[in-house]
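Everything below concerns the one structure shown next.
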Amino acid sequence: MTSTPELAGRAGRPTATPAGPLHRPSELTPTIDVSGLVDADGGLLDRAIFTDHQIYQQELRRVFAPSWLFLAHTDQFRRPGDFFTTYMGEDPVIVTMDKSRAVRAYLNSCRHRGARVCRADAGTTRNFTCTYHGWAYDLEGRLVSVPNREGYPDRFDTADWGLVEVPRVENHRGLIFGTWNPRAPSLREALGGMAWYMDAMLDHDGAGTEVVGGVHKWVLEGNWKLSAEQFATDWYHVNMSHASALMLLAPAGKSPRDEIVHRAGRQYVDPNGHGAGFPVHPKNRFDALAVHQWFDYEAARARLGDARVEGPMTNGHATVFPNFSYLPVNGSVRVWHPKGPDRMEVWAWTLVDRSMPDEVKEAQRLYNLRTFGPSGVFEADDGENWSEVQAISRGFVTNSVPLNYQMGLGSEREDGRYPGKTSELYSDAAGRAFYRRWQSLMNTPAWYEVDR
Amino acid sequence: MSGTGIRVAALDDIPEGEGITVDRAVTGTEDDIALLRDDDGSVWALNDTCTHETASLAEGWVEKGHVECPLHASRFCLRSGKVEGLPATRDAVAHRVEVRDGEVYLFPNETSS
Ligand code: FES
Ligand SMILES: [Fe+2]
């Protein structure tokens, strides 16, 4: 049994970092007004947002730094010293459980000369000792050892040189998110109406979820927004891009049933840029037989309501703005780590219900691996599309031709069944909302610019 | 000193592969004592403070006859205290230990034969 980590005891405010007379000249961080690059009302997008280096730098500062970003699952931290290293935007971070069992996150960069202080993917430790000159930090981020300490001046105080801490770390039903923004709304508030849809995956029976050991990581050519946007808004590609995979999964000798191909469904459009699409046909469940047979649909209906069971629980796709996505029925949970405008790293976990017997967990793991693992029959199609789009986008003429996001323009409404604004299953509505949010963050000074 | 030694812990207090610290007030030694339990179940005692920087060897990693400092990974022989891996260059002080009836007895400043 895994205990739920405490979520108290973190800094709550940015780590002070003495800068003396240093001050960065503003020419180093030029700001581009992106008003002319996104037409969220009209459904048009300038392709430069996928290729330009200055825009990419500004994204790291104004989209990633102030937003809640997915870090890890609580199941990855069972005892003090358990750690997992990941990224927030391009910033390397260590997520760990401290001696008081609080999950905390630190910038994985030594305060001395900047090397990473933890170079393993995951494990258990007592300290984070830099392999360059040996500065060592404890689980609370304090600098506890400095070789040749006598060589430093009197005013050198180790209390000033601890690890830079991520000031806010919170979890929603086992999914841990962090933000550098000390004034961000709570995670729950930032998820807003999206939490109702997420809980269709995370709250089947009250016992919670856990992750299958290990994280799959792979590199793709492609801007991180191509995949984040697709998971928010794009069921449209399924029958075309995944035709061969759908044929493969259909009963032998038959093509997929009509109701599988021509699906009715809804797409949730969140004002904070999140999105989720799902078919609503009751026969749409699309998973491993062992999982399907084990699952207690009546109990789920009682707990989650019919609308959620016949939609966001049984199928679909979703993105939590900016770069966390999931597929509820596969238990695939992933982050699109940005690696420059042209590249991303996909980090993917398999989520299972804690209440599942081992053989059902195993069936879920294999099903997710076959479909949406690094070489899954669906995943490979998606990666191919994103890389294809990216590969040609540097051409001068290519780059200057606007892209179309006009499907379902004006279709967002309250439908009385699914909460918040929803559109059709086939629609670009959540994509337009994603880029509206992106544009707004890109044009808004972040907390550190306001405080300056 | 010889005789029966000082009772410092119950064997079960020390998980295999880990260590505990015994205060110098109890042992009468110049430094606190790290009681270290190897992965074969045997128990050993060294001065607790690493000879390199200020770190507790009792918080280190104990494995196959060695303890590795938790801070900079200096390695010492559990039996003799001999330094076996940089960055430490000075040996740790070893003390004899006996286990009788599930109790651990320390013989400060005696070496194991
Ligand atoms: S860079 Fe970490 S100790 Fe020098
Ligand atoms: Fe797809």
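Taking 0.36 nm per residue of separation and subtracting the Cα-Cα distance, full extension of the segment from B:Lys64 to B:Ala25 would add 11.1 nm. The stretch between B:Asn109 and B:Asp13 holds 32.3 nm of extra length on full extension. This uses 0.36 nm per residue minus the Cα-Cα distance. Under the membrane-span-like helix rule (DSSP H runs whose alpha carbons stretch at least 18 Å along the helix axis, mean Kyte-Doolittle hydropathy -0.5 or higher), chain A yields A:429-442.
In the protein assembly as shown, helices alone account for a calculated mean residue ellipticity at 222 nm of -5500 deg cm²/dmol, with every DSSP H run of four or more residues adding -39,500 (n - 2.57). Once you have a ≥ b ≥ c as the square roots of the Cα gyration tensor eigenvalues for the stretch A:26-158, tell me rounded if a/c is under 1.5, and otherwise prolate or oblate according to whether a/b is larger than b/c. In terms of gyration-tensor shape, oblate. Take every Cα pair under 8 Å whose residues are at least 6 apart in sequence, average their separation, divide by the length of chain A, and the relative contact order is 21 percent. As a length-normalised measure over Cα pairs under 8 Å and 6 or more apart, the relative contact order of chain B settles at 26 percent. Spacing of the modelled spin labels on A:His112 and A:Leu289, each 7 Å from Cα toward Cβ, amounts to 6.0 nm. Neighbouring Cβ atoms from other chains, within 10 Å of the Cβ of residues in A:116-127, number 1 on average. Fully extending the segment from A:Asp121 to A:Ser26 would add 30.7 nm, taking 0.36 nm per residue of separation and subtracting the current Cα-Cα distance. In this simple spin-label model, placing a label point 7 Å from the Cα along the Cα-to-Cβ direction at both A:Arg413 and A:Val219 gives a separation of 4.9 nm. In terms of the mean number of neighbouring beta-carbon atoms within 10 Å, the peptides B:73-85, A:65-77 order highest first as A:65-77, B:73-85. Between A:Glu388 and A:Asp358, the modelled label-to-label distance comes to 4.3 nm, taking each label 7 Å out from Cα in the direction of the beta carbon. Each peptide among A:321-327, A:16-22 gets the average number of other Cβ atoms lying within 10 Å of its residues, and from highest to lowest they stand as A:321-327, A:16-22.
Taking amide hydrogens as placed 1.01 Å from N in the peptide plane, the amide H of A:Val166 sits under 5 Å from those of A:Ala105, A:Tyr106, A:Leu107, each at least 5 positions away in sequence or on another chain. Taken residue by residue and averaged, Cβ atoms of other chains lying within 10 Å of the Cβ of B:69-76 number 5.
Throughout, read-outs are computed from the coordinates displayed, never taken from laboratory work. Keep in mind that this is a model prediction, so the values were computed, not measured. Every residue, glycine among them, receives a Cβ derived from its backbone with ideal geometry; neighbour counts consider all protein chains shown.
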